[in-house]
Structures are given as C-alpha cells and as structure tokens.
Amino acid sequence: MRIPDPLKNNMYAELARRNLKRQAVRTVLAAIGIIIGVIAISSMGILGNSLKLSVTDSFSDIGDKIIVSPVPGEDFITDKQVDQIKKVSNIESVIPVISGGEIVEYKKGGTTIQYYVAVYDIKKDDLDKLADLQEGRHFKPGSTECVVGSSIAKNLDLKLGQKIEIDGSNLRVVGILKERGLGFDINTDSGVFTSSEMYGKLYPDADEGYGTVIVIVKDIDKIDSVMKDIKERINKKDELVTVFATNSITESLDSVFKSISLFLMGIGSISLLVAGVSILNVMLMSTMERTKEIGIMKAVGASRRDILKMFLLEALFLGVIASTAGAILTIGGSYLIMSLLVKNTSYLFTLSSMFYVVEGFFFGIATSLLGGMYPAWKASMMRPLDALRYE
Amino acid sequence: MPETIADIRKVTKIYTLGENKIYALNKVSAKIEKGDFVTIMGSSGSGKSTLLNMLGCLDLPTSGKVLINNTDLSKLDDEGLTSLRRNNIGFIFQQFNLIQTLTAVENVEIPMIFNGASPGKRRKRALKLLQRAQLPPEYADHKPNELSGGQQQRVAIARALANNPTILLADEPTGNLDSKTGHGVMELLRELNQAGTTVIVVTHDPRMEEYSRTTIRLQDGEVVNENP
C-alpha cells in the first residue's frame, strides 16, 4: 500500500501504517472481520431495497388516486353520486368506469385463440389520464373500434387494424396502450376499451350506473380530506360506497419493506459487532506488545493525547481500508449475483441501494474506531515507568 | 553562585512488596548545578535508577520534593510532566530503547514530532544531531536492528538531544557496550556537557567516574557521600 505524499510527512500516519504492516497477518485477519461485516450490512440493505423496488415497480400508481366503489348490496354508483363527488374540492378529475369481464376471441389462421379480458367503457379523455397510447389512436365515439392493453396485444399477437371478436361482435383494434403495470384502479394492461355505444351493444342489460369511480386528486397531501368529503357527501344516511386511497397501499408497503430492510441489516450488524470485538482484541494485543514502545514514547515526550491519537489512527486506517474493500466487494458481488441470478442489475445502481453501501462503509469505520478506543485509552493511561520496565 | 537545576529534598520512595515495605530511597537530598556532570554510583538495588527516574519526571516520590528548574514536580499534572520531560529532559537508556519500526533518523525525529516541529525542519535537525552523535551518515536510514550497539546508543543520544534539553539523563549508558565503545559514548557525553548541557549518569562502573565532576554515592537508598 502506498501512502499519498502529504501523509508521508505525517509520522503518526507513517507509524500507524508500519505498525499495521508489522503484524501483517493479524491486521489482515482483523480487516477480514470488518470486510465481512461491511459486506453483510450493505448487502442485506441492498437485498431489502431490491425487494422493495421490485415490488413497488410492479405497481404503477403514484398514489394520487381514490377508488370509490359500491358497498356489497349496492349494485352500482349512480350519476347523481358522481355529480356529488365532482363537487368535492381539490379534485383533478373524476373518472366513472363501466366494466365487464369477457372472453375475447381472435382468429388467427384457422385457430381461434380465447383470452379473458375486462371490457371498459371509459371516455376517451379519461382513458388518457390513466394510460398512454403506445401506438395507433383512440377509438371514435359511436364506432366499433377499440383500444387494447399491452398484455392483450402481446398475448394475442395483435397488430393495429386487426379484428377481435367479443360476444359475437367484431371490434377493430385501432390503438395499443403502453404497459403500465399492476394498478389499484383498473388494470389497463389487460383491458379492452371501447365506445359507450359499442359497450351498450355488448351489454344491453348493463346497469344504469358505474362499477367504479376513479378520483384523481390535485394534491396528494389533500388525499385524506378528499376521502373524508366524499364519504360525508354520499354516505350521509346510509353506507352506500367504500372509499379507498391507493397510496395507503404503497405507504404500508413502504413501512413493511423498511422493517424488512432494518431486520436484514440487524442481522448484518451482528457480524460487524463480531468484527468490532476482533478489532478490540487485535488492538489490545498490540498495545500489550508495544507497552515498552509506549513507555519510550512517553519518556521522550509523548503526551497521553499523542498516544491516544496514534492508536486511534491505526484503528482508523484499518477501518477505512477494510471498509473500502468491503464496499467494493459488496458492489462487485451484488452485481455478479444480480446479473447471474436475476439478470437485472438496475436495482443495484439506485441511490437507495448505494446508500446502504455508504452506510455499511461508515458503520465499518465506526466499528473499528469503537473497537480501537478502549485499547488506545488503555495505552495512553499507562504510566511511563511501568511501561518502560515491561518486558 | 551556580544555578541549581535539580533540587532533591528529603525524597523517600517506598515500594510495597507483599507485606514488606522496601525503601528504594530514604530521605535523599541533593542539589545538582547547571552545567555539571554528575554520576550516580551504587550497586544494584541502591536506588540510583529510582532517583534518575524521579529527575526525569517518570516517577514521583512517596514523600519529599523534586524541583527541576525550580518547578515542583508534585504540583504538575500529567500534561505538565509530559511537557517538562519533552522540553527539558533527554533520556538515554541502557537498552537504547529505540523504536524498532522506525529508522535511525526517524527515531531522532520522534521527540520533535511531539513538540510540533514541521517535517522538513525536524528531518534536517535530526540528521545534524546524528552527525553530532557521530553516527556515520550512511546509517541514518537503517532500522535499529541493523545497527551495532554503539551505533544504536549514538542514535539514542541524538534522540535525547532532539528538543535541545537542559538535562541529559543516562541510565547505565555503557552497560550494554564493550569498554571501547563505552568510552566513546562517554566521550560524547563529555563533549555535550562541555557545550553546556547538564549530564547525569547512573552507573555502577567505577571507571565512568573519571568523566564526572560530581559523584553521588547511594547505598540501600541513602546517600553515602557527596563530594563537590
């Protein structure tokens, strides 16, 4: 190891370096303890974080939506209720949704492929607020055109202009939506969106209301008051609707994964604790061995603080080097594992994952400093004459 | 009237060994003048090293007082003793006591580091001191285990001089050296003394007496005689 030039002039640093080198095997063993501790703590953190990211990634909601649905026993939400919802302040938009589950048939060559989908009757502008078009255009009102979700397009191998059959009616695919992921509102990826007229044809007996109303709030901080308002307006006499905020799920997911991460890092920190004890041991042995040297230093004018500084610097050196090695190994190892097993390393190079590496790094340094503190203090408190006589 | 640099007043040092009290020093009084060359003589166990350690602020008396430069050592805390030791006293040991991980020149630099000297300055001064202690310059970058006993003691003397002390304390400086090398070291101490440093040497070797002007003889913790 080479010391940069400004450090070369610092004899304390030079002394610490040489003393660590003098007991190379022991230093390496102590360093391995710290390295393992740092790896354990930061990889556990990354593991928890990657878990969280992979779960939250599959949910698309940013959490600014409120889902209003009828309570069991009520069949639908009426137009009147929708109007009541619209009166609530701080609402960006209200999207009434009519939907039904259906089998889609698609003829390809001689075979017919069947696929279960949800058919939605949503206004064109409202659909825009929920999902973006990947290609094509929106259906025209009153037409037999439809827009399909990405997973339908993928599974049925649909292209623009092709026709699908639902319940005996033919619908032309004019648009395909972008993949959006799992949502709490509606599942756009496996949805077929068409005009009200077409929907009415498919479901002539459909209810005179909406299955769900999606409310998008202006400001996510107001979500609770909006929820309360909606409940107060509609559920004044009887319990008619249930109101549910999508962010309550992401919030609880967040807290679940926070505790998972914390738990995993707790396990990791046990190994760091062990490393700290081994540092303590190594440094204690080293103070015992160097008792005479400490005596000499004191005889030629070292104060307690000088001795303390020397030993702490040694612990710091050990901590910084070992923690750096641990951090590098963590990043390298995680990259290897993720690219080999999960084949996706995107979660590793996120700010939150790197935070755990930095945290592990500093925990490593703090541990070696803590482990070095008692031996350093003990060394500094030695009486010079006793230390000099020590053989 | 010569200036008194070290004043020992009725100093007693008692070590307890099991139930026995051992008087390492028993009401020892002595005055050491500035610029003197003192040998403290006595057989082993006579208390001469204990006396030297007290002069070097390494040990404190059970009773009595030690004054260095008119400062009462018992009134100083660890910090004060350290600073007095660092700035006024140079130590030379029988076993040389060099730090094995450091080179000769670095060993000489150590006391200057504790004194806060800049790296360039202390290196320059260390090399000059090694020259003064007559260590051949090519040995400056050698580790202690690559040097002979005489060379190591010269490094130790250079180190003792690092912070320009007023008192040099030597505990059996020739004890581990053959007589020719020993005389060389004593010659060096004499030269330093002639340059103005007060030198106090503990020895049981009567031949060393010829270098000194004052001899304090100790026997069983008491001063036997003190000749001016």
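I'd like the distance separating the alpha-carbon centroids of segment B:76-101 and segment A:31-97, in whole Å.
Each part's Cα centre sits 69 Å from the other's.
List the lysines whose Cα sits under 17 Å from the Cα of A:Lys378, skipping any in the same chain fewer than 8 residues away.
A:Lys292, A:Lys298, A:Lys309
Only Lys, Arg, Asp and Glu count, each charged at its Cβ (+1, +1, -1, -1), so figure out the dipole size of the protein assembly as shown about its Cα centre, rounded to 20 debye.
Dipole of the protein assembly as shown, to the nearest 20 debye: 2980 debye.
State the number of lysine pairs found in segment A:126-251 whose Cα atoms come within less than 14 Å, restricting to pairs 8 or more positions apart or on distinct chains.
Lysine pairs meeting both conditions in segment A:126-251 amount to 5.
Which aspartates and glutamates have a Cα less than 14 Å from the Cα of B:Lys34, not counting those fewer than 8 places away in the same chain?
Qualifying aspartates and glutamates at Cα under 14 Å: B:Glu3, B:Asp7.
Between beta-carbons, use under 14 Å as the cut-off and find the net charge around B:Val202, counting Lys and Arg +1, Asp and Glu -1. Could the numbers behind the result be given before it?
On the way: positive: B:Lys48, B:Arg217; negative: B:Asp59, B:Asp171, B:Glu172, B:Asp205, B:Glu209.
Its environment carries a net charge of -3.
What is the angle, in °, between the Cα long axis of helix B:149-160 and the longest principal axis of the Cα atoms in chain B? Nearest 10 is fine, range 0 to 90.
With both axes taken from Cα atoms, the answer is about 80 degrees.
Distance between the C-alpha centers of segment A:366-391 and segment A:256-318? Whole Å please.
11 Å
Which angle between 0 and 90 degrees, to the nearest 10, do you get for helix A:304-337 versus the longest principal axis of chain A when only C-alpha atoms count?
It is inclined by approximately 40 degrees.
What's the local net charge at A:Pro141, with K and R +1, D and E -1, over the other residues with C-beta under 10 Å away?
Here the count lands on +1.
Report, ordered by chain and residue number, the lysines lying within cross-link reach of B:Lys13, taken as a straight Cα distance under 20 Å and ignoring same-chain residues fewer than 8 apart.
Within the straight-line cut-off, B:Lys13 pairs with B:Lys21, B:Lys27, B:Lys31, B:Lys48, B:Lys65, B:Lys75.
Looking at the protein assembly as shown, what % of its DSSP beta bridges pair antiparallel, to the nearest 5? Mind dumping the intermediate values first?
On the way: 61 of 88 bridges.
Beta bridges within the protein assembly as shown, antiparallel portion: roughly 70 percent.
For helix A:351-381, report the angle its Cα long axis makes with the longest principal axis of the Cα atoms of chain A; keep it between 0 and 90° and round to the nearest 10°.
20 degrees
Around A:Glu165, with a cut-off of 10 angstrom between Cβ atoms, what is the net charge of the other residues, counting Lys and Arg +1 and Asp and Glu -1?
Around A:Glu165, the charge tally is 0.
Could you give the C-alpha radius of gyration of the protein assembly as shown expressed as a fraction of 2.2 N^0.38 Å, taking N as the number of residues it contains?
1.70
Using alpha carbon centroids, what distance separates segment B:120-137 and segment B:14-73, in Å?
Here the two parts' Cα centres lie 32 Å apart.
Using the Cα centre of segment A:62-153 as the reference point, and only Cβ charges (+1 on K/R, -1 on D/E), how large is the resulting charge dipole? Debye, rounded to the nearest 20.
160 debye
Considering the options A:Ser339, A:Val28, B:Met41, tell which one lies farthest towards the positive end of the dipole of the protein assembly as shown, charges being +1 on Lys and Arg and -1 on Asp and Glu at the Cβ, about the Cα centre.
B:Met41
From the residues B:Met208, A:Gly181, A:Ile152, which one has its Cα farthest along the dipole of the protein assembly as shown in the positive direction, the dipole being from +1 and -1 charges on Cβ of Lys/Arg and Asp/Glu about the Cα centre?
Farthest along the dipole direction, towards plus: B:Met208.
Looking only at other chains, what is the average number of their beta-carbon atoms within 10 angstrom of each beta-carbon in A:301-308? Provide the component values of the computation, followed by the final result.
Numbers: counts 19, 7, 8, 3, 4, 5, 1, 0.
Taking the mean over all residues of the peptide, I get 6.
Where a number appears in this text, it was derived from the coordinates with a stated rule and is not lab data. Because the structure is predicted, anything quoted here is derived from the model rather than measured. All Cβ positions, even for glycine, are placed from backbone atoms using ideal geometry, and neighbour counts span all protein chains on display.
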